[in-house]
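Notes for the one structure printed next.
The values are calculated or read from the model by the stated rules, or taken from the named source; none is laboratory data. None of the values given here were measured: they were computed from a predicted structure. Every residue, glycine as well, gets a Cβ built from its backbone with ideal geometry; the counts of neighbours run over all protein chains shown.
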Amino acid sequence: MATTGDLTKQLEETLRRANTILFKRGRSILVDLEISALQYNALLTIREFGPLTMGELGKHLFVACSTATDLANRMERAKLVERVRDTRDRRVVRLHMLPRGDEVLDAVIIERQSFVGEVLEDYTDEEYVELLRGLELLAQRMELK
């Protein structure tokens, strides 16, 4: 019988495999749009947390502030984001999403959801609900840690 450690290892490996497959599926869209994976992650972060300073973006992406600034420069040239001075403190500059940034995110997310939908076509309603319930519970417990 498998130990809890064995099951934990197997679960982590399975989640990583599934994430890699999903990442690669979305990546094919990014290549067509000439957007890097880091730019995509930055756009996701801005969508989730709102306008961010370079320092805040760097912390969320686990990159140096200089890397975040270079990333912002490339994203601004690509018309994905714009720099906007904070109205309360003019020294603070935040990255705001532009419509093209939203379009890029939506295109990748739609492709990924379509792919997941194809994979789940053969699931019964019960299997689908069970999978969703289990993953939701896992995500909730991870968020609490």
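Tell me the residue from 29, 21 that is in a helix (DSSP H, G or I), at pLDDT below 90 and over 16 Å from residue 98 (Cα atoms), please.
Selected residue: 29, the only one of 29, 21 that is in a helix (DSSP H, G or I), at pLDDT below 90 and over 16 Å from residue 98 (Cα atoms).
Over 18 Å from the mean Cα position of the chain (by Cα) and over 30 Å from residue 132 (Cβ atoms): which single residue out of 119, 84 fits that description?
Residue meeting the stated conditions: 84.
Of all residues being among the hydrophobic types (A, V, I, L, M, F, W, C) and in a loop (DSSP other than H, G, I, E, B) in the stretch 50-92, which is nearest to residue 107 (Cα to Cα)? Just the residue, please.
80
If you check residue 45 against the conditions, is it at pLDDT 95 or above and in contact with a helix residue (DSSP H, G or I) (Cβ under 6 Å, 6 or more places away or on another chain)?
So residue 45 passes the test.
Output the qualifying pairs, or none if there are none: Cβ atoms under 9 angstrom, residues six or more apart or on different chains, first residue in the stretch 109-131 and touching a residue at least 12 places away in the same chain (Cβ under 8 Å) and aromatic (Phe, Trp, Tyr), second residue assigned to a helix (DSSP H, G or I) and surrounded by 11 or more Cβ atoms within 10 Å (Cβ to Cβ).
Between residues of the stretch 109-131 that are touching a residue at least 12 places away in the same chain (Cβ under 8 Å) and aromatic (Phe, Trp, Tyr) and residues that are assigned to a helix (DSSP H, G or I) and surrounded by 11 or more Cβ atoms within 10 Å (Cβ to Cβ), the close pairs are 115/21; 115/22; 115/25; 115/26.
Residues in the stretch 83-131 that are within 15 Å of residue 25 (Cα to Cα), of a type in the set (D, E, K, R) and surrounded by 14 or more Cβ atoms within 10 Å (Cβ to Cβ): how many?
Qualifying residue count for the region: 2.
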